[in-house]
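This report refers to the structure that appears directly beneath it.
The values are calculated or read from the model by the stated rules, or taken from the named source; none is laboratory data. Here the structure is a predicted model, which is why all the values come from computation and not from measurement. Neighbour counts are summed over all protein chains in view; Cβ atoms, including those assigned to glycine, are modelled from backbone coordinates with ideal geometry.
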Amino acid sequence: MAAGGGSSYSIVEYFGGEDGYRCGYCKNETGNFSNGMWSHAMTVQDYQDLIDRGWRRYGKYVYKPIMNKTCCPQYTIRCHALHFQPSKTHKKILKKMSKFLSKGEMPAGQYDGEPMDLHCGDEAPTDGPKAHSSEIERPICSETPVQEGVPKAAKSETPLQEPTPTASTRGPAVTPKPGVGADPNRPQCRKAKDLRKERRLQKEQQRKQEGGPPSAPAPAPITTLTSQAKTLEECVTDSTPDDASHRLEVRLVRSNPPSSQFKASFDASYQVYKLYQMVIHKDPPDKPSESQFKRFLCDSPLEAETAPDGPDCGYGSFHQQYWLDGRIIAVGVIDILPNCVSSVYLYYHPDFARLSLGSYSALREIAFTRQLQKQSAKLCYYYLGFYIHSCPKMRYKGQYRPSDLLCPETYTWVPIEHCLPKLENSPYARLNQDPDAGNVVNALKNLGQVLVLHRHSVMPYGIYTRKRKGPNDEQEVHQYAKLVGQSCAERMLLYRA
């Protein structure tokens, strides 16, 4: 891959994870632990390899939860976009949007939260390289997500009890007559389809015995397009009539480096973000500042890169803007990487909260991933950030299947249905039970080959140690190299003062 005109390096400053800080999920004041590094620049391949080892970016800060120490373990989750089939709940969300666009009907009822409110805006330090031990952003989802197939009335964490009949509901008392049960002498009930098939076979045998011509085969059932399950693309792009009440357009604009379209729409996009934080998350007016918006959702360490076998739009960081009748109503922040589309965040105008824009945007991003895969064969996954089984509000991400969780010890992918029984027993678990798995990816072969940047010069760590005049930093470099992996450690530049 090439960025601009030539090859480039990832440049990072590493920070340890000794201090615990506040957890936005369980509210433990000192229970959240992670390792972090400030990324001055990063190639998309390095970041792809890092998120496949449990790392995740927040602006230019890249962090990795210490899974066996943190209070709410966060497992990287990915969806197999090519095999994804929308569930009934997903189809209802898509139909709700289609009905709004065609007829202008906003769904009735009060907004009560939706699964994708925390659209991967997970916990992370907010400001600068050393903020990893200070204030943390709280989770974006403050409501309990709708569980697949569970009615709204059953969203509480405690199981519903059967209602106790009252005098006004149960009516006069009636003593039921004792029954005698099923008659064992009567034949068991059978499906009408099976009975028709049996009669047809009996008639066929009878004709053969009488020497008559065989009967014509039963006509094949007529299959129409309406009887086939619609694909995700068909559901998303369900055509609206010419006289539709609204028009929705999704525009992909590069956020880093900012494209002309991104710059032209910056203020409109920021105003939507500010409203979202103030109304949906009750932030004071001064908190969602323009500088905070830039630092969190616009700044990115990812270099803009292109490749002959890559997507036409290239790799890097983008905003997907949802324009309704000429104005922005939602923005999905995404990273396009060699193997995936990684969702970073989603914010929307509060006036449209009842359209479930968080879930709707996730479905659009899965469809977008499938579109990119036609241009780049290996780009076939959709990363939803972190799955947190110990936090019921964060389990909704497991509804986008088929999906895998990343084993925190072997860095191998395990189907989520195999992981859930383990996570029911313990918040932290080694998901891959093969004792030999992960030996290669975890092995740190040669600390001396770790690349460092010292006084504007690139050199292996082994040479740097002979020039180093400060204190011994071998333990810190060893920890860094083991967390990022030998391959990344030999490509990325670790800044040394």
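Things worth noting here:
- In region 103-118, the condition of being surrounded by fewer than 22 Cβ atoms within 10 Å (Cβ to Cβ), closer than 22 Å to Gly332 by Cα and at pLDDT 95 or above is met by no residue.
- Search result, residues across region 442-490 that are of a type in the set (A, V, I, L, M), assigned to a helix (DSSP H, G or I) and buried (at least 16 other Cβ atoms within 10 Å of the Cβ): Leu447, Val477, Ala481, Leu483, Val484, Ala489
- Residues satisfying the stated conditions in region 271-318, i.e. of a type in the set (Asp, Glu), within 30 Å of Asp351 (Cβ to Cβ) and in contact (Cβ under 8 Å) with a residue 60 or more places away in the chain: Asp299
- Residues in region 363-404 that are over 17 Å from Gln85 (Cα atoms), touching a Pro at 6+ places or on another chain (Cβ under 8 Å) and either in a strand (DSSP E or B) or of a type in the set (Val, Ile, Thr) (or both): Phe386, Ile388.
- Residue in region 401-415 that is in contact with a helix residue (DSSP H, G or I) (Cβ under 8 Å, 6 or more places away or on another chain), among the aromatic types (Phe, Trp, Tyr) and within 28 Å of Ser10 (Cβ to Cβ) present: yes
- Test for Met67: is it touching a residue at least 40 places away in the same chain (Cβ under 8 Å), surrounded by fewer than 23 Cβ atoms within 10 Å (Cβ to Cβ) and of a type in the set (A, V, I, L, M): yes
- Being in contact with a Gly (Cβ under 6 Å, 6 or more places away or on another chain), among the polar types (S, T, N, Q) and modelled with pLDDT of 75 or more is a property that holds for Ser245.
- Residue in region 361-368 that is under 12 Å from the mean Cα position of the chain (by Cα) and among the hydroxyl-bearing types (Ser, Thr, Tyr) present: yes
- Taking the numbered list (1) outside any helix (DSSP H, G or I); (2) at pLDDT below 95 in turn, Ala429 passes all entries but (2).
- In region 386-400, the residue that is nearest to Lys27 (Cα to Cα) out of those that are out of contact with any helix residue (DSSP H, G or I) (no Cβ under 6 Å at 6 or more places or on another chain) and hydrophobic (A, V, I, L, M, F, W, C) is Cys391.
Each row is one residue, and each column tells you yes or no for (1) hydrophobic (A, V, I, L, M, F, W, C); (2) at pLDDT below 95; (3) out of contact with any strand residue (DSSP E or B) (no Cβ under 8 Å at 6 or more places or on another chain).
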{"position": "Tyr383", "(1), (2), (3)": "no, no, no"}
{"position": "Phe386", "(1), (2), (3)": "yes, no, no"}
{"position": "Tyr411", "(1), (2), (3)": "no, no, yes"}
{"position": "His418", "(1), (2), (3)": "no, no, yes"}
{"position": "Pro421", "(1), (2), (3)": "no, no, yes"}
{"position": "Val441", "(1), (2), (3)": "yes, yes, yes"}
{"position": "Val452", "(1), (2), (3)": "yes, no, no"}
{"position": "Arg466", "(1), (2), (3)": "no, yes, yes"}
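- Selection within region 284-303 - surrounded by fewer than 19 Cβ atoms within 10 Å (Cβ to Cβ), in a loop (DSSP other than H, G, I, E, B) and in contact with a helix residue (DSSP H, G or I) (Cβ under 9 Å, 6 or more places away or on another chain): Pro284, Pro285, Lys287, Ser289
- If you go through region 411-450 and keep only what is without any contact (Cβ under 8 Å) to a residue 12 or more places away in the chain and β-branched (Val, Ile, Thr), you end up with just Val440.
- Residues in region 35-69 that are under 18 Å from Tyr383 (Cα atoms), assigned to a strand (DSSP E or B) and aliphatic (A, V, I, L, M): Val62 only.
- With respect to the stated conditions, Val341 fails to be part of a strand (DSSP E or B), in contact with a helix residue (DSSP H, G or I) (Cβ under 8 Å, 6 or more places away or on another chain), of a type in the set (Val, Ile, Thr) and closer than 25 Å to Lys99 by Cα.
Conditions (1) of a type outside the set (A, V, I, L, M); (2) more than 21 Å from the chain's Cα centre (by Cα); (3) at pLDDT below 95, marked per residue:
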residue	(1), (2), (3)
Val236	no, no, yes
Val250	no, no, no
Ser255	yes, no, no
Asp267	yes, yes, no
Asp299	yes, no, no
Leu302	no, no, no
His319	yes, no, no
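- Residue in region 354-367 that is touching a strand residue (DSSP E or B) at 6+ places or on another chain (Cβ under 7 Å), at positive phi and buried (at least 21 other Cβ atoms within 10 Å of the Cβ) present: no
- For first residues located in region 319-347 and within 22 Å of Tyr400 (Cα to Cα), partners that are surrounded by fewer than 20 Cβ atoms within 10 Å (Cβ to Cβ) and at pLDDT below 95 and lie 6+ apart or on another chain with Cβ distances below 8 Å form the pairs Pro338/Met1.
- Residue count for region 239-249, restricted to those that are surrounded by 15 or more Cβ atoms within 10 Å (Cβ to Cβ) and either of a type in the set (Asp, Glu) or in a strand (DSSP E or B) (or both): 1
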